[in-house]
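S.K.: Starting off with a structure, shown below.
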Amino acid sequence: MNILAFDTTGESCSVAIKTAEHCFEKINHEPRKQAERLLPMIDDLLVQANLQRSDLDGLALTHGPGAFTGVRIAIAAAQGIAYALDLPVVTVSTLAALAQGAHRKFGWKQVLSALDARMGEVYWGAYQADDSGLMQSVHSDAIGSPSQVHIVDEPRTGWYGAGSGWGVYLDQLPPVNVSHVLTVEAFDIITLALPLLKSGHSLTAEEIKPVYLRNKVVRS
Amino acid sequence: MLVLGIETSCDETGLALYDSVSGLRGHTLYSQIALHQTYGGVVPELASRDHVERLIPLLNDLLRETNLDKNAIDAVAYTAGPGLNGALLVGAAFARSFAWSLNRPAIAVHHMEGHLLAPLLESPAPTFPFVALLVSGGHTQLYFVRDIGDYALLGESVDDAAGEAFDKAGKMMGLPYPGGPRLAILAETGNPQHFTFPRPMTDKPGLNFSFSGLKTAVLYALQQENFSTACLPDIAASFQEAVVDTLLIKCKRALLACDAKRLVVAGGVSANKMLRARLVDELAEIGIQVYYPRQAFCTDNGAMIAFAGCLQLQRGHSTGLSIVVRPRWPLVQYTQHT
């Protein structure tokens, strides 16, 4: 199964392709350049992987939360690719992908993901690793003030923090060990999406939806 | 060459298929007017959120109505600017990715070139050269068009666009959103001679416009001592007359300066019945033929983008894999760029 995955919801643009044998990954950290970089990076990785567009079997991406524009770049690009190539799609939470990255890098099993949502708020979610090493949500992704972020389940210890929210609101967030995992790497999206793609729990291009969490966007 | 056109620069999601041989195959449009009505103006974030929900349903409709398969599409054209950054990015990201996936070329189109060339979709189409009046909620500009891609800016509004003035005057008069078209309907029953509003910048040479002062004149009319709601149709008619007179004077001046015999009028305000009728009648007297797009293509639409994109592609232009939009993008820079 050849899977293409990408993330444009945060500060970076990350793309990965997984084939039966190998995984290829590229990440670009220039802020606000995701739209410019995304397709050239995908195109390069396909060449590296020696694949044609038609060799792709599935698409995976983060659907948010994150920067609104970045979320829509991901969704619109995924719609275009999946529609053209009739690809099944799996979308995952940006917060889940962050937690998965923290698990992969540091072996952490309990992660509080928090992203700076501006306006004094964070997007956050709590994740725990299951037996197969996949981070599962134990508290629905939410938006709120940093003081609302809490450890949600037993055990009360052994929790770690990941994401840009910790850089901004460290003193207001729960006192846990914090990593330097700040951005999503597309490889972790594939890890989360692969079982769903294999079991057919996927979406069509038309069914892909952005997840903003902040839905009050007009002052009234 | 079958070209898919995608327009998402403001509050309309428009898609169309244009064939270089058989012409326009079909178009679909979703207008967000109802979405923004509550706020009295376009809310950019809401516009972007809506575009991303509409693209695939509209593309499905378009392919079904034209009985064409997506693989028959030879190229994709998309509006890259000017317009709302977030809204433009949705259409551009979708269009560019779709084209890449099918291994087809893509072309970034200038929204105003789309409007400018829209009358060429009609029959009879104007031949080059011509003077073009682009008049919408965002723009009031006069161009001398010698050929496709050869656009010389003759003049433009130094403040509000004509359509913007219509909308703001309508809002001041308490008309529902969008105020401009409502004002034009109200004007049909009013006396355009009742109020004397200025014809801004017509007493000076040059081809620039200024419409913000007209708004103020409307405000004074609304605040006068003997004002009653019965005056509203007269205010509307007098306001419309002032805008139409001003546009007419400047068009005549531009046609004379360029020694042109044809005038093309496009953009949302070109749907205004009074403007259409008076330009046709009064310019016919001096031997000028006036061309308009059909009503549906006066406002934003995908057909004009598919058409302009097709012409650019036929001239050997195409756009790389980077998704780049230009919220502010002078048409003159675009033509130098391509």
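The values are calculated or read from the model by the stated rules, or taken from the named source; none is laboratory data. Owing to the predicted nature of the structure, the values given are computational and were not obtained by experimental measurement. Reconstructed Cβ throughout: ideal geometry from the backbone, glycine too, with neighbour counts over all protein chains shown. Surface areas here come from the heavy atoms of the whole protein model, side chains and all, with no ligands, DNA or RNA. Shrake-Rupley method; radii C 1.70, N 1.55, O 1.52, S 1.80 Å.
S.K.: At q = 0.12, 0.18, 0.24 Å⁻¹, what log₁₀ I(q)/I(0) does a Debye calculation on the Cα points of region B:171-277 give, no solvent, two decimals?
M.R.: Listed by q, the Debye log ratios stand at -0.44, -0.91, -1.41.
S.K.: Separate question: How high is the relative contact order of region A:94-180, in percent, with contacts defined as C-alpha pairs under 8 Å that are six or more residues apart?
M.R.: 29 percent
S.K.: Return the lysines within reach of B:Lys261: Cα separation strictly under 20 angstrom, same-chain partners fewer than 8 residues apart disregarded; answer none if there are no such residues.
M.R.: By straight Cα distance, B:Lys261 reaches B:Lys250, B:Lys252.
S.K.: Additional query: Between beta-carbons, use under 12 Å as the cut-off and find the net charge around B:Thr202, counting Lys and Arg +1, Asp and Glu -1.
M.R.: On the way: positive: B:Arg199, B:Lys204, B:Lys250, B:Lys252, B:Arg253; negative: B:Asp203, B:Asp245.
Combined, the nearby Lys, Arg, Asp and Glu give +3.
S.K.: Using Cα-Cα distances under 8 Å and only pairs 6 or more residues apart, what relative contact order does chain B have, in percent?
M.R.: Working: 726 pairs, mean separation 84.1, N = 338.
Dividing the mean separation by the residue count of chain B yields 25 percent.
S.K.: Mind checking B:153-162 for the average number of partner chain beta-carbons within 10 Å of each residue's beta-carbon?
M.R.: Across B:153-162, the average partner-chain Cβ count within 10 Å equals 0.
S.K.: Nearest 20 debye, what's the magnitude of the dipole of chain A about its Cα centre given +1 on Lys and Arg Cβ and -1 on Asp and Glu Cβ? The partial results should precede the final answer.
M.R.: Values: 17 positive and 23 negative charges, 105 e Å.
Once rounded to the nearest 20, the dipole reads 500 debye.
S.K.: Just checking the output field for A:35-43: average partner chain Cβ neighbours within 10 Å of each residue's Cβ? Could you put the intermediate results ahead of the total?
M.R.: Values: counts 8, 5, 3, 7, 11, 5, 1, 4, 2.
Going residue by residue through A:35-43 and averaging, the value is 5.
S.K.: Which of the aspartates and glutamates could be linked to A:Lys26 by a straight reach, that is with a Cα gap under 13 Å, when you skip same-chain ones fewer than 8 residues away?
M.R.: A:Asp7, A:Asp43, A:Asp44, A:Glu185, A:Asp188
S.K.: Can you give me the long-range amide H partners of A:Glu11? Hydrogens built in the peptide plane at 1.01 Å from N, cutoff under 5 Å, separation of 5 or more residues or another chain.
M.R.: none
S.K.: Still on this structure, please answer the following. Estimate the FRET efficiency between B:Val332 and B:Asp281 by the formula 1/(1 + (r/R0)^6), using the beta-carbon distance for r and 35 Å for R0, to the nearest 0.05.
M.R.: It comes to 0.65.
S.K.: When Rg is the radius of gyration of the Cα atoms in the protein assembly as shown and Rh is its Kirkwood radius, what does Rg/Rh come to?
M.R.: On the way: Rg = 26.8 Å, Rh = 25.5 Å.
Ratio value, two decimals: 1.05.
S.K.: Can you tell me the Rg and the Dmax, both Å, for the Cα atoms in region A:94-180?
M.R.: 11.5, 37
S.K.: Now a separate question. Which one of B:Asp69, B:Asp19, B:Asp234 has the biggest mean-square fluctuation once chain B is modelled by GNM with Cα springs under 10 Å?
M.R.: B:Asp69
S.K.: Just name one of A:Leu182, B:Gln224, B:Phe94: the one whose Cα is farthest towards the positive end of the charge dipole of the protein assembly as shown (beta-carbon charges, Lys/Arg +1, Asp/Glu -1).
M.R.: The listed residue farthest towards the positive side: B:Gln224.
S.K.: Right, something else. Magnitude of the Cβ-charge dipole of the protein assembly as shown, K/R +1 and D/E -1, about the Cα centre, nearest 20 debye?
M.R.: 620 debye
S.K.: Which one, B:Ala92, B:Ala260, B:Ala296, has the greatest fluctuation when you compute a Gaussian network model over chain B with C-alpha springs under 10 angstrom?
M.R.: Comparing B:Ala92, B:Ala260, B:Ala296 in a Gaussian network model of chain B, the most mobile one is B:Ala296.
S.K.: Now for a different question. Under 18 Å Cα-Cα from A:Lys33, which lysines qualify once same-chain neighbours fewer than 8 residues away are excluded?
M.R.: Filter leaves no residues.
S.K.: Quantify, in whole percent, the carbon and sulfur part of the accessible surface of the protein assembly as shown (1.4 Å probe; protein heavy atoms only). Provide the component values of the computation, followed by the final result.
M.R.: On the way: 11180 of 22290 Å².
Taking all protein chains in place, the protein assembly as shown shows 50 percent carbon and sulfur surface.
S.K.: Also, quick follow-up: Just counting partner chain Cβ atoms within 10 Å, what average do the residues of peptide B:319-330 show around their Cβ? If you can, show how the numbers build up before the last one.
M.R.: Working: counts 0, 3, 9, 7, 10, 2, 1, 0, 0, 0, 0, 0.
Shielding by partners across B:319-330 averages 3.
S.K.: Taking GluC sites (Glu not before Pro) that fall in a DSSP loop and have at most 15 other Cβ atoms within 10 Å as cut points, what is the longest piece of chain B between them?
M.R.: Values: sites that count: B:Glu122, B:Glu188, B:Glu225, B:Glu285.
By the stated rule (loop sites, at most 15 other Cβ atoms within 10 Å), B:1-121.
S.K.: Next question, about the same structure. Have a look at A:Ser137, A:Ser93, A:Ser199 and tell me which one the Gaussian network model of chain A (Cα, springs below 10 Å) gives the largest fluctuation.
M.R.: A:Ser199
S.K.: A further question on this structure: Give a quick list of chymotrypsin sites (Phe, Trp or Tyr not before Pro) in region B:198-230 that DSSP marks as loop, anything other than H, G, I, E or B, with at most 16 other Cβ atoms within 10 Å.
M.R.: Details: sites: B:Phe209, B:Phe211, B:Tyr220, B:Phe227; in loops: B:Phe211, B:Phe227.
Within region B:198-230, the qualifying chymotrypsin sites (Phe, Trp or Tyr not before Pro) (loop, at most 16 other Cβ atoms within 10 Å) are B:Phe227.
S.K.: Under 5 Å between amide hydrogens, which residues at least 5 positions from B:Phe209 or on another chain qualify, with H placed 1.01 Å from N in the peptide plane?
M.R.: B:Glu156, B:Ser157, B:Val158
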